[in-house]
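Derivation of every value follows stated rules applied to the coordinates shown; laboratory data play no part. This one's a predicted model, so the numbers in the text were calculated from it and none came from an experiment. Here the Cβ positions follow ideal geometry from the backbone for every residue, glycine too, while neighbour counts run over all protein chains shown.
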Amino acid sequence: MRLGGRLAAAIEVLDDMAARRRPVADSLKDWGLSHRFAGSGDRSAIGNLVYDVLRQRRSLAYRMGSDETRFLVVGACLDSSGMAIDELRAALAGDRFAPTLPDDEPLRRFSDGTLDGAAPAVAADVPDWLADALERSLGADWIEEARALSARPPLDMRVNTLKATPDEVLGELAPFQAEPTPISPVGLRIAPIAGEGRHPNVQVERGFQMGGFEIQDEGSQIAAILSGAKTGERVLDYCAGAGGKTLALAAASGNEAEIHAFDADRQRLAPIWDRLARAGATSVTVHAPRDDLSPLHGTMDLVVVDAPCTGAGTWRRRPDAKWRLTEAQVAKRTGEQDKVLDAASRFARSGGRLAYITCSVLREENAARVEAFLERTPGWRLLDAESVWAERLPSAPPAYHAERMGEGSVLTLTPRRSGTDGFFFVLLEKV
């Protein structure tokens, strides 16, 4: 396909999403099935345009002076390709599939314009109602933080030290220019996609198939490291899902911690079996949703709660989610988080620890939930997460937002500060 056809396809996908109120992945999949002539390179280029529009919809519209889909796609193309307007016109000349370009005035406005004078939520590329919530959560530079959540993400991987070393995996992934991650000592990273490119399918590589590495954002790796599963400890991953942090905890303890993995959603838990086998994580016992966990009450040295959340730290990868998010959904999630914290806390022994983690940057889901838990649950205290970071990541700079709460602190990771997805971490101790 030529550029014009790719632009037209991106417009079609975005209009389908809006008309049928469906996730971007579904619209892209259906477009591919109904246009089988499009090659993998075409599909990647179209997907990049669609995702770029979703990441920066409001700022593109402001710079173009219109929120018409055609204008947004052309703006995203100019941004990602680095083309001048005359180069774009030349590339589309004679292409019968190309959409009609905007007039000269909006194109000049786009090329010459900035976001000066734009409303804060427009400059941040978020819905209006999120502006106050993000300022409360991320502070005075929240607009820059939100804009970093609108960038293209890297591809991060965690080396499974039960089966490989970082140098071994780095050598295997050398053709893809993989590099060590800045903070996690077991992380590797392939840079964000440029232009019409795409990330390699590393899951077909021998190292992945043999369990030498897993795909996992560096922020998730850091949260597992800070949780601190130790040799000989009993650990419960209470919201294990597909097992990403379970695998990281098993590797960090060298298969020498007794780890229990549980999730209330059977479908989310289903992939964990194959992943455990591939990784060689022999220290893990998986508990199905209907299993009786009462024998584990009060016996755990560490309980990890990777709580259900809005995913407001993953907008680089799921940009359509920020436009679907509502205040009612945040309220629903906070209620679920309170219930999960109450349930999970029963498993910690006296002197045991509870790590509360989300992939959100919203204070309502993070520090506010910890405050509410401590208010209603006597016998717990907040540890100093900054000290935990310094102890467990001694070579890493303090790349986080910290909030002091009494004698302790909580941490928020962000793309701007940490180079990761948005994650929240706190460690509590039962006294």
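Here are the numbers for this structure:
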{"item": "The range 347-420: GluC sites (Glu not before Pro) in DSSP coil with no more than 16 other Cβ atoms inside 10 Å", "result": "GLU407"}
{"item": "Length gained when the stretch TRP323-ALA19 is fully extended (0.36 nm per residue, less Cα-Cα span)", "result": "108.0 nm"}
{"item": "Convex hull per residue volume in Å³, alpha carbons only, for the range 155-215", "result": "71"}
{"item": "Calculated log₁₀ intensity ratio I(q)/I(0) where the Debye formula runs over C-alpha points of the chain, q = 0.08, 0.12, 0.13 Å⁻¹", "result": "-0.49, -1.04, -1.18"}
{"item": "Note, ³J(HN,Hα) from phi for the range 8-23, Karplus 6.51, -1.76, 1.60, rounded to Hz, x at Gly and Pro", "result": "4, 5, 4, 4, 4, 5, 5, 5, 5, 4, 5, 6, 9, 6, 10, x"}
{"item": "Cα→Cβ-extended label distance, 7 Å offset, between ARG346 and THR165, nm", "result": "4.7"}
{"item": "The chain: calculated mean residue ellipticity at 222 nm from DSSP helix runs of at least 4, using -39500 (n - 2.57)", "result": "-12500 deg cm²/dmol"}
{"item": "Computed E for ASP141/ARG404 - FRET, C-beta separation, R0 30 angstrom, nearest 0.05", "result": "0.95"}
{"item": "Rounded if a/c under 1.5, otherwise prolate or oblate - the range 202-352, Cα gyration tensor axes", "result": "oblate"}
{"item": "Along each principal axis, Cα extent of the range 3-118, largest first, Å", "result": "40, 32, 20"}
{"item": "Burial ordering of GLU336, GLU105, fewest other beta-carbon atoms within 10 Å first", "result": "GLU105, GLU336"}
{"item": "Estimated Rh, the range 201-263: Kirkwood, alpha-carbon pairs, angstrom", "result": "12.3"}
{"item": "Net charge contributed by nearby residues that have their C-beta within less than 13 Å of GLY219 (K/R +1, D/E -1)", "result": "+2"}
{"item": "9 Å beta-carbon shell around SER59, net charge (K/R +1, D/E -1)", "result": "+3"}
{"item": "Sorted by Cβ neighbour density within 10 Å, fewest at the top, the residues TRP380, TRP129, TRP142", "result": "TRP129, TRP380, TRP142"}
{"item": "Point-charge dipole on Cβ atoms (K/R +1, D/E -1) for the range 254-314, about Cα centre, debye to 20", "result": "260"}
{"item": "Assigned charges on the beta-carbon of Lys, Arg, Asp, Glu; the chain dipole about Cα centre (debye)", "result": "820"}
{"item": "Ranked list, fewest to most other Cβ atoms within 10 Å of each Cβ, for ARG147, ARG324", "result": "ARG324, ARG147"}
{"item": "Rel. contact order, % - alpha carbon contacts under 8 angstrom, at least six apart, the chain", "result": "13"}
{"item": "Cα-based shape type of the range 287-412, given that a ≥ b ≥ c are square roots of the gyration tensor eigenvalues and the cut on a/c is 1.5", "result": "oblate"}
